[in-house]
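The values are calculated or read from the model by the stated rules, or taken from the named source; none is laboratory data. Predicted model, so just to flag it, every value in this text is computed and none were measured. In this analysis, Cβ positions are derived from the backbone assuming ideal geometry, glycine residues included, and neighbour counts consider all displayed protein chains. Accessible surface areas use protein heavy atoms only, side chains included; no ligands, DNA or RNA. Shrake-Rupley method; radii C 1.70, N 1.55, O 1.52, S 1.80 Å.
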Amino acid sequence: MNIALLGFGTVCKGVYDILKEMPEYNIKKILIRNPAKKTMDCMTLDFSDIENDNDIDLVVEAIGGLHPAKEYIISSLKAKKHVVTANKAVVANYFDEFVQTAKENGVKFMIEATTGGGIPWIKNLQRVSRIDEVTSLYGIMNGTSNFILSAMNDEQKDFDEVLKAAQKLGYAESDPSADIDGDDVRNKCAISASIAFGGLVPVNSISQSGIRYINKNDIKWFNKNNLVCKLFATAIKSGNNYDAIVEPVLLDKNTVEANVPKNYNITCLYGKTIGDVKLYGQGAGRFPTGNAIVQDIIDVNENQTFDIVFNKELTKSDVIEGKYYIRIPSKLNFDNSLVESKINSENYAIIITKEIYCSKIHSFIDNNKDKSIFIARFI
């Protein structure tokens, strides 16, 4: 099988290193952006060298971002080339178009590496869905945020200090916004829910709240109450209605999810006959993600793939609910009819809400200009 790599960053270097030990797979072309980095004859600066090469069977896309990644994927599919991608942002935003284009051109569109790093999450969602209706999924899907929350909990340090340490160790980007604000998890949640529920779950329908404003005092309160905070993706289906959300949650310290350390991920699903399934592993990195891409390549080559099918019309509704921990500046007002208990201090108030739909809390955040509000839902 002849393969082209779009990009030669961390992930594609992992793919290259794995495939060079497998003689039945040949990397024929590598697309790069910087001519100064052209160190091999197979490297090219021109995508048309790949698009117009009829000997190339499969394209691996890992350049990230929306554009030109979208155009490269569509062009590759229309050129009758299978596509394997690790780019969760472009998949979440153009999922339906990619699936339809692949179908029209008789090729495969493979996305295992978009979600969960080396965890075989997408394939297992597809396997379970053959027999069961998957009615819920949740989990820790971002290693950077989990590293930060784990360090804050274990070391009792404040957010900024831990973030700087994560950046120094390479666990966080110089601009960590996508990880700490929940954008990355929201993309993965949209992809996972669409696969699990058999219908398109638009990424812009998923509310999100990140961990940017968590502080050491929040962690102390959680520890005092035997709780651990994690950033979760959650999606639930009821009939043809769904709800999906990304937000911090509070877990009993003895649960499996509460004890997922450092940059690891855990992805979970529930099916009628299989019950609860939890998959644990490394959520990112050169070789875990590279492994997921190579697994997809092998599946395509051996014709062992699952087709992605969106055959259900789903409607976004209020399905997810719970009690919330909310820390807000003292100057802000919160609907007293929703309050179960409240602790006031000079500068802020801690509110424990009654059981309410998640949409109400996220509307409250969206409607307030003060972004220092921190929320976490009790699980």
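Remark: C-alpha extents of the stretch 95-168 on the principal axes read 52, 27, 18 Å, sorted largest to smallest.
Dipole size in debye (nearest 20) for the chain around its Cα centre, Lys and Arg Cβ +1, Asp and Glu Cβ -1?
Charge dipole of the chain: 680 debye, to the nearest 20.
Helix 183-197 and the long axis of the chain differ in direction by around 70°, with both axes built from C-alpha atoms.
Whole-percent P(r), the stretch 1-159, all Cα pairs, 5 Å bins from 0: 2, 8, 15, 18, 18, 14, 10, 7, 5, 3, 1, 0. Normalised by 2.2 N^0.38 Å, where N counts its residues, the alpha-carbon radius of gyration of the chain equals 1.03.
Couplings 3J(HN,Hα) of the stretch 116-132, computed from phi: x, x, x, 6, x, 7, 4, 4, 6, 4, 5, 5, 4, 5, 5, 10, 9 Hz, in residue order, whole Hz [Karplus 6.51 cos²θ - 1.76 cosθ + 1.60, θ = phi - 60°; x for Gly and Pro].
For the stretch 273-326, the square roots a ≥ b ≥ c of the C-alpha gyration tensor eigenvalues yield an a/c of 1.5 or more together with a/b not exceeding b/c, which makes the shape oblate. Each of I211, A196, S145 was scored by the projection of its Cα onto the charge dipole of the stretch 115-218, and the greatest displacement toward the positive side belongs to A196; charges sit on the C-beta of Lys, Arg, Asp and Glu. Among the listed pairs K237/K262; K331/K369; K224/K278; K108/K316; K80/K108, a Cα-Cα separation exceeding 19 Å is found for K237/K262; K224/K278; K108/K316.
Applied to the stretch 17-25, the Karplus parametrisation 6.51 cos²θ - 1.76 cosθ + 1.60 on θ = phi - 60° returns per-residue 3J(HN,Hα) values of 5, 6, 6, 5, 8, 10, x, 6, 10 Hz, with x for Gly and Pro. Each Lys and Arg Cβ is given +1 and each Asp and Glu Cβ -1; about its Cα centre, the stretch 282-343 then shows a dipole of about 580 debye. Computed with every protein chain present, the accessible area of C12 is close to 0 Å² [probe 1.4 Å].
A cut-off of 5 Å between modelled amide H atoms, ignoring neighbours fewer than 5 places along the same chain, links F374 with R327.
Once the dipole of the chain is set up with Lys and Arg at +1 and Asp and Glu at -1 on Cβ about the Cα centre, which of G322, S174, L338 lies farthest towards its positive end? Of the candidates, L338 comes out farthest on the positive side.
Of the GluC sites (Glu not before Pro) found in the stretch 2-104, the ones in coil according to DSSP and having at most 14 other Cβ atoms within 10 Å of their Cβ are E21, E24. Put simply, the C-alpha atoms of the stretch 193-316 give a gyration tensor, and the ellipsoid matching it has half-axes of 30, 21, 14 Å, longest first. Taking the longest Cα principal axis of the chain as reference, the axis of helix 69-78 is set at about 40 degrees. As a size descriptor, the averaged projected area of the C-alpha convex hull of the stretch 149-206 was calculated at 5.0 nm². Across the stretch 4-12, computed HN-Hα scalar couplings (Karplus, 6.51 cos²θ - 1.76 cosθ + 1.60, θ = phi - 60°) run 10, 9, 9, x, 9, x, 3, 5, 5 Hz from first to last residue, x flagging Gly and Pro.
The radius of gyration of the Cα set in the stretch 9-94, together with its Dmax, comes out at 12.7, 35 angstrom. In this structure, the amide hydrogen of V339, modeled 1.01 Å from its nitrogen in the peptide plane, lies closer than 5 angstrom to those of K354, counting only residues at least 5 positions away or on a different chain. Per DSSP H run of n ≥ 4, the term is -39500 (n - 2.57); total these for the chain, divide by its residue number, and report the mean residue ellipticity at 222 nm rounded to 500 deg cm²/dmol. Rounded to the nearest 500, it is -10000 deg cm²/dmol.
If you wrap the Cα atoms of the stretch 280-379 in a convex hull and average its projected area over all directions, you get 11.0 nm².
Projecting the Cα atoms of I298, H82, S238 onto the dipole axis of the chain, where Lys and Arg carry +1 and Asp and Glu carry -1 at the beta carbon, places S238 farthest toward the positive end.
Amide hydrogen proximity for K316: with H placed 1.01 Å from N in the peptide plane, the residues at 5 or more positions away or on another chain lying under 5 Å are Y242.
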